[in-house]
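**Student:** Quick one: the structure is below, questions incoming.
The numbers here are math on the coordinates, done by the rules we state, and not lab data. Just so we're clear, the structure is a prediction, and the values are computed from it rather than from any experiment. Because the Cβ atoms are built from the backbone with ideal geometry, glycine has one as well, and the counts that use them run over all protein chains shown.
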Amino acid sequence: MKIDAFVPADMRRIAFEAKRLEALGYDGVRLAELNHDPFMPLAIAAEHTERVELVTSVAVAFSRNPMSMALQAHDLNAFSNGRLVLGLGSQVKPHIERRFSMPWHKAARQMREFIEAMKAIFDCWYDGEHLHFVGEYYQHTLMPATFQPENTRGPRPRVVLSATGPLMTKVAAEVADGMIMHPFSSETYMREVTIPAIEEGMRASGRTLDDPSLDFSIDYAPMIATGTNDEALAAAIETVRGRIAFYGCTVAYRPVLEIHGWGELQDELIALNRRHDTAAMAACISDEMVDTIAVVGGPEEVVDKMKARFGGLIHRTGFGVSGLPDDDLGTLLERLRAA
């Protein structure tokens, strides 16, 4: 199992952090696209590291087009000698239309075509094929030599897709190099919904998860509540409780609640969210829900729980403990990696 560390988007800090995390033994550093673009900080991380993979977890696909995303991915991947793992996500309709002013179609179909278009672009750049991609949402039929990257002797960027529901999960299994599960999930949801959807998508593309020649990765970095003392652990639990309440408002994530019999809670969370009553929202989240969706306990206990729940199911995860000495953290990484 590969283990990533979450890094800040602060371009003044990321060089130091990435170098330190690489020395600790992490396999990758991951950065979400929230209030900063992930590609520029990761380029700085690439310059100051040699081994760790650079993971966008995730970059918003529909705020760009396949050509612009392919250019960003290629440049960072080539600069880092093939270390980019391009994690893509769709975001949700209000953000795409109202924050980015971009079109939203049928998300799963649009994402399938987005990735297929990127593959056609990479076929042109890396294999010399004529670019002619004509889809329902994207058309790429022009690629003069002047605009084609010249540094294409290395590997292509790996493209993995963030997914929660069965439709997007099947798209990941059919056309991507791997899948990133949303942290708002659970072991039960993974076993009963996610893995079967991956297997169905694999069958549709003539692949299987147990094919030793297939390099398809399942990435799941669960919410973790841990700390080096009781006070830190209690604070982490309350932070996670708030995150669960926030994610529980999203309609797309309702199936995760429903599989545990908590589906009706979403209606209450949505009503409270409209009143901006975050304290009441968090109060709706029981300790049972926290223990089911998150991984809770001291650092060693969290590692043991992650191995018991997800060992053999996932290929990549995220892990970190604030305030833990580097030597102790390195030991925990080795224990978790053996899962």
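**Student:** What percent does the relative contact order of the stretch 1-86 come to when contacts are Cα pairs within less than 8 Å and at least six residues apart?
**Tutor:** For the stretch 1-86, the relative contact order is 28 percent.
**Student:** For the stretch 194-271, what is the relative contact order in percent, using Cα pairs closer than 8 Å and at least 6 residues apart in sequence?
**Tutor:** Details: 38 pairs, mean separation 11.4, N = 78.
About 15 percent, as a whole number.
**Student:** Using amide H atoms built in the peptide plane, which far-off residues or other-chain residues are under 5 Å from T152 H to H?
**Tutor:** Residues meeting the amide H criterion: none.
**Student:** Using 7 Å Cα-to-Cβ label points, what is the D291/L24 separation (nm, one decimal)?
**Tutor:** Going from the D291 label point to the L24 one covers 2.8 nm.
**Student:** Just report the Cα centroid separation between the stretch 144-160 and the stretch 1-37, whole Å.
**Tutor:** 24
**Student:** Now a separate question. How would you rank R335, R254, going from fewest to most other Cβ atoms within 10 Å of each one's own Cβ? List each step's numbers first, then the result.
**Tutor:** Values: R335 13, R254 18.
Listing R335, R254 from fewest to most nearby Cβ atoms yields R335, R254.
**Student:** What percent do you get for the relative contact order of the chain when only Cα pairs under 8 Å and 6+ apart count?
**Tutor:** 17
**Student:** While we're on this one: Under the rule of -39500 (n - 2.57) per DSSP H run of 4 or more residues, summed and divided by the residues of the chain, what mean residue ellipticity at 222 nm is obtained, to the nearest 500 deg cm²/dmol? It would help to have the intermediate numbers written out before the result.
**Tutor:** Numbers: 13 runs with 146 residues, N = 339.
Theoretical 222 nm ellipticity from helices: -13000 deg cm²/dmol.
**Student:** For the stretch 1-109, restrict the atom set to alpha-carbon positions and state the Rg and Dmax in Å.
**Tutor:** Reported Rg and Dmax, both Å: 14.4, 44.
**Student:** Between the helical axis of 14-24 and the dominant principal axis of the chain, each derived from Cα atoms, what acute angle in degrees is found, rounded to the nearest 10?
**Tutor:** 70
**Student:** Sticking with this one: Taking amide H positions as placed in the peptide plane 1.01 Å from N, state which residues far from V58 in sequence (5 or more) or on other chains have amide H under 5 Å from it.
**Tutor:** Under 5 Å from the amide H of V58 lie the amide H atoms of E33, each far enough along the sequence or on another chain.
**Student:** Fully extended, how many nm does the chain gain between E50 and K93 (0.36 nm per residue separation, minus their Cα-Cα distance)?
**Tutor:** 11.7 nm
**Student:** Of V55, V290, how do they rank once you tally other Cβ atoms within 10 Å and put the fewest first?
**Tutor:** Fewest-to-most ranking of V55, V290: V290, V55.
**Student:** Let me ask another. For the stretch 59-187, what class follows from the C-alpha gyration tensor (a ≥ b ≥ c being the square roots of its eigenvalues): rounded when a/c is under 1.5, otherwise prolate if a/b is larger than b/c, else oblate?
**Tutor:** Prolate, because a/c is 1.5 or more and a/b exceeds b/c.
**Student:** Let me ask something else about it. Using a Cα-Cα cut-off of under 30 Å, which lysines could be cross-linked to K106, ignoring same-chain neighbours fewer than 8 residues away?
**Tutor:** Here the lysines satisfying the reach criterion relative to K106 are K93, K119, K170.
**Student:** What angle do you read, to the nearest 10 degrees and between 0 and 90, between the alpha-carbon axis of helix 66-79 and the longest principal axis of the chain?
**Tutor:** On a 0 to 90 degree scale, this one is about 80.
**Student:** Dividing the alpha-carbon Rg of the chain by 2.2 N^0.38 Å yields what?
**Tutor:** Against the compact-globule rule of thumb, the ratio is 1.00.
**Student:** Can you tell me how the stretch 160-307 classifies by the Cα gyration tensor, rounded, prolate or oblate, using a/c under 1.5 as the rounded cut?
**Tutor:** Oblate shape, in that a/c is at least 1.5 and b/c is the bigger or equal ratio.
**Student:** Taking the number of other C-beta atoms within 10 Å as the exposure measure, put F184, F319 in order starting with the fewest. Could the numbers behind the result be given before it?
**Tutor:** Details: F184 21, F319 24.
Sorted ascending by nearby Cβ count, the order is F184, F319.
**Student:** Which GluC sites (Glu not before Pro) does the stretch 46-114 hold that lie in a coil by DSSP with at most 12 other beta carbons within 10 Å?
**Tutor:** E50
**Student:** Shifting gears a bit: Between G135 and residues 5 or more places away or on another chain, which pairs have amide H atoms under 5 Å apart, with H built 1.01 Å from N, and which residues are they?
**Tutor:** Long-range HN contacts for G135: H140.
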